[in-house]
1. Compute the signed sum of charges (Lys and Arg +1, Asp and Glu -1) over the other residues within less than 10 Å, Cβ to Cβ, of residue 54.
2. Could you tell me the relative contact order of region 1-100? Use alpha-carbon pairs under 8 Å, at least six residues apart, and round to a whole percent.
3. Considering the options 54, 74, 64, tell which one lies farthest towards the positive end of the dipole of region 40-81, charges being +1 on Lys and Arg and -1 on Asp and Glu at the Cβ, about the Cα centre.
4. Using the Cα centre of the chain as the reference point, and only Cβ charges (+1 on K/R, -1 on D/E), how large is the resulting charge dipole? Debye, rounded to the nearest 20.
5. Highest mean first, what order results for 141-151, 110-120, 11-21 on Cβ atoms within 10 Å?
6. Which whole-Hz couplings ³J(HN,Hα) result when phi for each residue of region 161-175 is put into the Karplus expression 6.51 cos²θ - 1.76 cosθ + 1.60, θ = phi - 60°, listed in order with x for Gly and Pro?
7. Report relative contact order for region 14-163 in percent, whole number only (criteria: Cα-Cα under 8 Å, sequence separation at least 6).
8. What are the extents of the Cα atoms of region 1-54 along their three principal axes, in Å, largest first?
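The values are calculated or read from the model by the stated rules, or taken from the named source; none is laboratory data. No experiment lies behind these values; they were computed from the predicted model shown. Every residue, glycine among them, receives a Cβ derived from its backbone with ideal geometry; neighbour counts consider all protein chains shown. Surface areas here come from the heavy atoms of the whole protein model, side chains and all, with no ligands, DNA or RNA. Shrake-Rupley method; radii C 1.70, N 1.55, O 1.52, S 1.80 Å.
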Amino acid sequence: MRLLLVRHGESICAVNGIVGGERGCTGLTERGFAQARALRDRFVREGFVPDLVLASTLPRASQTAETIADGLGVPVQHDPELVELIPGEVDGTPWEEFEGFEMASEPDRVLSDGGESLSVFKARVAGFLERSARDHDGRTVLAVCHGGVIGASLYYAFGAPDGSLVVDIDYTSITEWRRAVPLYGSLRNVEEQKRWHLATC
């Protein structure tokens, strides 16, 4: 399986410094739409057509996915497991008014009431990866999501401890994972050694 995780284009909430959950996300800036069109045009030039296009339900990711898919002839399917870490009550408020904390040092504490902790968020992303491998074996999947989701995929695949990676994911960048099984060992070992391989980041 090939799984291409694409971060959305530049968003209005990021430019305005707003916490961008379901309430705070109001979609892409004009620059963000241009970034999505540029990636779409690249895929068209390269003749890349995935078997499936998935998208986070947040507007900035949905608009990016729809812009890309428009040139590929593949419909977009929305998957709530691809959303960014759910912020809770601070959703839609300016980041500068939120007295937060270093989540890596307190991974089981929620960002705010009604939100997710880092541990829960990372478990959700891990579940998405494993479900994708199970449901889409042998297929190529393009999933438009968020920087946090891509970062969590890196932590999961590498088994890295919280806070140990410096992850800077640019707008409309591509992180490609491939699910592979080593061709050696017993059947039991083969099953145990199923893992994700980072092809592009």
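1. Here the count lands on -2.
2. Result for region 1-100 is 34 percent.
3. Ranked along the dipole, the leading option is 64.
4. 1040
5. Numbers: 141-151: 24.3, 110-120: 17.2, 11-21: 19.5.
For the peptides 141-151, 110-120, 11-21, the packing ranking is 141-151, 11-21, 110-120.
6. Karplus-based 3J(HN,Hα) across region 161-175 equals x, 3, x, 8, 10, 9, 10, 10, 9, 7, 4, 6, 6, 10, 10 Hz.
7. Numbers: 234 pairs, mean separation 41.3, N = 150.
Relative contact order, region 14-163: 28 percent.
8. Cα extents, longest axis first: 36, 23, 11 Å.
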